[in-house]
1. Going through the stretch B:86-108 one residue at a time, which ones are hydroxyl-bearing (Ser, Thr, Tyr) and at the interface with another protein chain (Cβ under 8 Å from one of its Cβ atoms)?
2. Limited to the stretch A:36-73, what total is found for residues that are of a type in the set (Val, Ile, Thr) and more than 13 Å from every other protein chain (Cβ to nearest Cβ)?
3. Quick check: is even one residue across the stretch A:284-295 of a type outside the set (Ser, Thr, Tyr), closer than 29 Å to B:Lys117 by Cβ and open to solvent by 20 Å² or more (accessible area, probe 1.4 Å)?
4. Restricting to the stretch B:114-135, give me the number of residues that are over 25 Å from A:Ile33 (Cα atoms) and either assigned to a helix (DSSP H, G or I) or touching a residue at least 60 places away in the same chain (Cβ under 8 Å) (or both).
5. Scanning for something out of contact with any helix residue (DSSP H, G or I) (no Cβ under 9 Å at 6 or more places or on another chain) and within 27 Å of B:Asn12 (Cβ to Cβ), does the stretch B:188-200 turn up at least one residue?
6. Can you pull out every residue in the stretch A:36-73 that is surrounded by 24 or more Cβ atoms within 10 Å (Cβ to Cβ) and part of a loop (DSSP other than H, G, I, E, B)?
7. So, B:Arg280, is that one of a type in the set (Lys, Arg), at negative phi, surrounded by fewer than 22 Cβ atoms within 10 Å (Cβ to Cβ) and touching a residue at least 40 places away in the same chain (Cβ under 8 Å) or not?
8. I want to confirm something. Restricting to the stretch A:8-29 and keeping residues that are within 14 Å of chain B (Cβ to nearest Cβ) and either touching a Leu at 6+ places or on another chain (Cβ under 9 Å) or of a type in the set (D, E, K, R) (or both), which single residue is surrounded by the most Cβ atoms within 10 Å (Cβ to Cβ)?
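The values are calculated or read from the model by the stated rules, or taken from the named source; none is laboratory data. Only a predicted model underlies this, so the values are computations on that prediction, with no experimental measurement involved. No Cβ is skipped: glycine too gets one built from the backbone with ideal geometry, and neighbour counts run over all protein chains shown. Surface areas here come from the heavy atoms of the whole protein model, side chains and all, with no ligands, DNA or RNA. Shrake-Rupley method; radii C 1.70, N 1.55, O 1.52, S 1.80 Å.
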Protein chains: 2
Amino acid sequence: MVYQGVIRRYKNYLPVTEKTPIITLLEGDTPLIEAENLRVSLGVDSKIYLKYEGLNPTGSFKDRGMTVAVSKAVEEGASAVICASTGNTSASAAAYAAKAKLKCVVLIPEGAVALGKLSQALIHGAEVLAIKGNFDDALHLAREISNKYPVVLVNSINPHRIEGQKTAAFEIVDSLGDAPDYHFMPVGNAGNITAYWKGYREYRKIFQEKRKLKLPRMMGFQAEGAAPIVRGHPIKKPRTIATAIRIGNPASWKKAEEARDESKGVIDIVSDKEIIEAYRMLSSVEGLFVEPASAASVAGLVKYVRQGYFSQSSTIVCILTGHGLKDPDRAIKVARKVRVVKADLKSVANQMRL
Amino acid sequence: MVYQGVIRRYKNYLPVTEKTPIITLLEGDTPLIEAENLRVSLGVDSKIYLKYEGLNPTGSFKDRGMTVAVSKAVEEGASAVICASTGNTSASAAAYAAKAKLKCVVLIPEGAVALGKLSQALIHGAEVLAIKGNFDDALHLAREISNKYPVVLVNSINPHRIEGQKTAAFEIVDSLGDAPDYHFMPVGNAGNITAYWKGYREYRKIFQEKRKLKLPRMMGFQAEGAAPIVRGHPIKKPRTIATAIRIGNPASWKKAEEARDESKGVIDIVSDKEIIEAYRMLSSVEGLFVEPASAASVAGLVKYVRQGYFSQSSTIVCILTGHGLKDPDRAIKVARKVRVVKADLKSVANQMRL
């Protein structure tokens, strides 16, 4: 059957009806790649799979939630969507709003956001307004606007976002025939770990008459300088090179703790150095280029392998949340350099060590 | 069934055997998106579909050919792959070589290539050598190396590249149940139009006992300043903002002319202005962000619609060859600008014209 996006594929398990207009860019259905090279590098006998969410239309997992949020906004008669966001959320909101013929407004703090991060929102025709204030002011204003006008807030507090994002858990189970034993992922605003845990639990219930599905341990990783859940308090000035998880006060804090506790998992820390190590490993060993934040999942896996956490053969899934092309400057900084050689066979062969 | 990449999906129609090791990043299976908004904008009653090849693992259609070229290189016992490339080919070669545990060498002319274009090749661990010479010197050296050492050339003269790329035509037929009436695409080095035409013809033959498939008219578009096939002679200094088709002397020139003539299609010109217009239209009307070169297909469609080319309802497919994140600077240049507003409800609402 021809693929038609996450809403049509999983409509029975999403808050849509026959009347909901479906706004889709054919998000989802992302590759689940067996990481045999990584397995050998780490010396484990578990199966490791990488869910490459960077191959969603706008380059991140946000599209799964946005297709539902924007479809519902259209159904509700909204004239616009609004978000306070500096990155992947604004890119996704702008793209889906374009497809839906809705206006999209993105509020950002003036002076705090590099233009490169906004290229997608801008080219998709969003109205990007830089307000004289900080990020909290931007989010507060977005909420106010959505309360007073027929404008739908599509930040992660919009519950339809979580609903759409849970479909990634469905896909993993559909691919593997069961849930994995361990599910590694980055944790920033914590909506995504909430969504995966919801997805695994719901799918287990849906299939309970037919077969008993596993529930994975949820292994979430925050960056060392932006780890409010691990520290137990909000972080005023979160710091990490992994911009997509640079969050000091996660919207889904409590839900993330529930996912951790109910699944007997962990929410732990990885350093920027460990994130960069995993980022390089993914690109040079598995051929997968990811956003730095995405590498937090694999950094967590590396950390737990080194601690001897896995005593027996298991099935492990790591979520790669966004494509590396979202942040090409980081690649240039981290990667090996171009070398200059003379234009003759011998010089080139020497450089190649042939 | 779980998707396993283009080689496993189409192995009966590709130059592989049971012995070929399959090096895949789960490329292919890209969305074919119905462009209803674009159809309405253009005022045609044909069905328009967009094949979004930017959702291949490295962000362009090159991955389809590279999975075959690199798999065959491993089968043949190569120790390295080499290419002369400044863009998408080098990104793809480096990623697949990483997965295959092969060395990858990329030759570029010194000083002629912006570092940003090389971020993928570098992060995937390719050895990028800037030679003191021009692009032709680089390609010549790459050929020489591949002749003298166990190193496989993966530039588009490698015939396995075309074989892999033809699978995109198979996917279109599989999705639509038939070939389209018109197939619009950008033409640069002309390998891709060669591959699609080969794919359509082969699939028609494969299915001939069961049902009679259509063959599309192949509608290829070169950029005005880089249109050697249209002009009838090589272009010494090709110029266009669409860097991925900035080619003055296409490797598959003759094959592209055959595709045009056999299919009763055209190879025609679109200006940079028309390319940018289509680029903006795709992102703001369909929510799809593409490389400028990709927009040449839709620019061609717009041109032919305006000329009254389509007299009756048809099925039209346009190929979008690469993701817009490959060239974010172009988006910033072309898109609307950020506006600064005061951080209060009224100011924001006014800007939003609520």
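1. If the condition is that a residue be hydroxyl-bearing (Ser, Thr, Tyr) and at the interface with another protein chain (Cβ under 8 Å from one of its Cβ atoms), then B:Tyr96 is the only one that fits.
2. Matching residues across the stretch A:36-73 total 3.
3. yes
4. Looking only at that region, the number is 4.
5. Within the stretch B:188-200, none of the residues are out of contact with any helix residue (DSSP H, G or I) (no Cβ under 9 Å at 6 or more places or on another chain) and within 27 Å of B:Asn12 (Cβ to Cβ).
6. A:Asn56, A:Pro57, A:Thr58, A:Gly59, A:Phe61
7. Working: of a type in the set (Lys, Arg): yes; at negative phi: yes; surrounded by fewer than 22 Cβ atoms within 10 Å (Cβ to Cβ): yes; touching a residue at least 40 places away in the same chain (Cβ under 8 Å): yes.
In short, yes.
8. The residue in question is A:Glu27.
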